[in-house]
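We did not get these values from a lab; they are worked out from the coordinates using the rules stated. Keep in mind that this is a model prediction, so the values were computed, not measured. So basically every Cβ, Gly included, is an ideal-geometry build from the backbone, and we count neighbours across all protein chains shown.
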Amino acid sequence: MSIMYRYPQLYDLLVRIVHGRSLKKRFEVIAQEIGENKKVFELGCGTAMVYPFLHRGSKYEGWDLNENFLAMARKRADAVKVFNKNIFDFDSYPDNDVILICDVLHHIIPNHPKLVEEALKRTKKLIISEPARSFKPPKILFPIVRLFTNILGDYDGINDSSHTLEWDYNKEKLQSFFQSMGCSKTITVGWDMIAVFDSNCI
Ligand SMILES: C[S@@+](CC[C@H](N)C(=O)[O-])C[C@H]1O[C@@H](n2cnc3c(N)ncnc32)[C@H](O)[C@@H]1O
C-alpha cells in the first residue's frame, strides 16, 4: 500500500489539495442527490469524507478493507458505522435506500461493471462519482509510473496497481459506460463525473 493509504490524514489532505474547491461541490451534489432521511450505504468508504455533507437525518454505513481509514472514519462521528468488509461480498449488503461508490471503480478495474451490476440489484438508487480522465501512461513509462504509484500514489494495497493504471476513462468513455449500465443522469463537477441510477428510470 502506498504512503497515502497508510496515513489517512495524508490521504484526506492530498485529496483536498488535488480536487481544490470542487471537492466540496462534489460532496454537496452527492448529498443533494441522496436527499433527506435516507439509509446510505457507501462501498469503499475510505475515511467517510462524504459523511459531514449528508442530511442530519441520514443513517450511514460504509465498507472498506483499509483499517487505518476506517479508524479515521469512526472518529468523524458516533453515527458513522463502518466495517472492515469486502465490497464484493454482495450477499451481505445491508438494507439501504442509496448506495454510493466514490472514487472506487478505477481501483477495481476490470471488475467495475460487475460491482455496478450487483449494486443496482441491491438498492433503489445508486450514485457513482469517478474521475473522468485517463491515467494510462505510455507503455515505456509503465514500470516507473507503477513504482511511483506503489510508493506515493494510488496503490490501495488491495487491488493490483497495474490494473489501476489501465484506467483510460475520459469523459466520453465514462459517460457511455454509465449509460450502458442504465444511468439516468450525469453531472460533471471539476474533473469528476457523478452518475445517478434511479430505480424509477432503470
Ligand atoms: C480512492 S479511495 C476512495 C475512498 C472514499 N470513497 C472517498 O471518496 O474518499 C478507494 C477506496 O476503496 C477501497 N477498496 C478498494 N477495493 C476494495 C474492496 N474490494 N473492498 C473494500 N474496499 C475496497 C480502498 O481501501 C480505498 O479506501
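So here's what we get for this one:
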quantity: Percent of beta bridges antiparallel (DSSP, the chain, rounded to nearest 5); calculated: 40
quantity: Inverse mean reciprocal Cα-Cα distance (Kirkwood Rh) of the range 122-202, Å; calculated: 14.1
quantity: Glu28-Lys121 pseudo-label distance in nm [points 7 Å out on the Cα-to-Cβ vector]; calculated: 3.8
quantity: 31 Å Cα-Cα threshold exceeded, pairs from Lys59/Lys121; Lys75/Lys171; Lys24/Lys139; calculated: Lys75/Lys171; Lys24/Lys139
quantity: Estimated FRET transfer efficiency (Ser199, Lys136; beta-carbon r; R0 45 Å; 0.05); calculated: 0.85
quantity: Reachable aspartates and glutamates, given that their alpha-carbon falls under 20 Å from the alpha-carbon of Lys25 and they are not under 8 places away in the same chain; calculated: Asp12, Glu33, Glu36, Glu42, Asp103, Glu130, Asp192
quantity: Likely footprinting exposure, Leu141, Leu115, Leu100, Leu65, fewest C-beta neighbours within 10 Å first; calculated: Leu141, Leu65, Leu115, Leu100
quantity: Cα centroid separation - the range 1-76 against the range 137-202, whole Å; calculated: 18
quantity: Shape call, the range 62-180: gyration tensor on alpha carbons, a/c limit 1.5; calculated: oblate
quantity: Cβ-Cβ FRET estimate between Asp91 and Ser184, R0 fixed at 22 Å, reported to 0.05; calculated: 0.25
quantity: Residue among Pro131, Pro143, Pro52 with the largest mean-square fluctuation in a Gaussian network model of the chain, springs linking Cα atoms under 10 Å; calculated: Pro143
quantity: Gaussian network model of the chain, Cα within-10 Å springs - most flexible of Glu117, Glu130, Glu67; calculated: Glu117
quantity: Relative pair counts by distance (%), Cα atoms of the chain, 5 Å bins; calculated: 1, 7, 16, 20, 23, 18, 10, 3, 1, 0, 0
quantity: Sorted by Cβ density within 10 Å, fewest first, the residues Glu42, Glu166, Glu28, Glu61; calculated: Glu28, Glu166, Glu61, Glu42
